[in-house]
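The values are calculated or read from the model by the stated rules, or taken from the named source; none is laboratory data. Since we're looking at a predicted model, the values are computed, not measured. Glycine also receives a Cβ, built like all others from the backbone with ideal geometry; neighbour counts cover every protein chain displayed. Calculation scope for accessible area: heavy atoms of the full protein, side chains included, ligands and nucleic acids excluded. Shrake-Rupley method; radii C 1.70, N 1.55, O 1.52, S 1.80 Å.
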Amino acid sequence: EQIISWLPSGKAFKIHKPKEFANVIMPQYFNQTKYRSFQRQLYIYGFDRHREKSSEDCGAYYHELFIRGVSDLCLDMQRKK
């Protein structure tokens, strides 16, 4: 939770410590070794990032088919060309 966590709504996640995420989480779960490459993959799959600075959600990634507890929706996610 200190490195990455869901937002309370369950409709987005936020990476709080990118360096730790790249060093600890990514090697276990992803084939990426660089954080920027991971971000690029998120965008290729249609994730967006909250950009409103005044919002608590600023920097969180969201996708309409990526919702906490509803993993079946992920099956419909497609890579953008």
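May I ask you to list the GluC sites (Glu not before Pro) in segment 1-80 that are in a DSSP loop and have at most 13 other Cβ atoms within 10 Å of their Cβ?
Those satisfying the criteria are GLU1, GLU52, GLU56, GLU64.
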Self-check item: Accessible surface of the chain [probe 1.4 Å, protein heavy atoms]: carbon and sulfur percent
Solution: 48 percent
Quiz item: Percent relative contact order of the chain, based on C-alpha pairs within less than 8 angstrom and at least six residues apart?
Solution: 29 percent
Quiz item: Which shape class applies to the chain: rounded if a/c is under 1.5, otherwise prolate when a/b exceeds b/c and oblate if not, where a ≥ b ≥ c are the square roots of the Cα gyration tensor eigenvalues?
Solution: rounded
Exercise. Please give the per residue accessible area of the chain, computed with a probe of 1.4 Å over protein heavy atoms only, in Å².
Key: 77 Å²
Quiz prompt | Residue-count net charge about SER5 - beta-carbon cut-off 11 Å; Lys, Arg +1, Asp, Glu -1 | solution = +2
Quiz item: Where does the charge balance sit around TYR62 when Lys and Arg score +1, Asp and Glu -1, over other residues with C-beta under 14 Å from its C-beta?
Solution: 0
Practice problem: Assuming R0 = 25 Å, can you tell me the calculated FRET efficiency for the pair LYS80 and TYR29, based on Cβ-Cβ distance, to the nearest 0.05? | Solution: 0.70
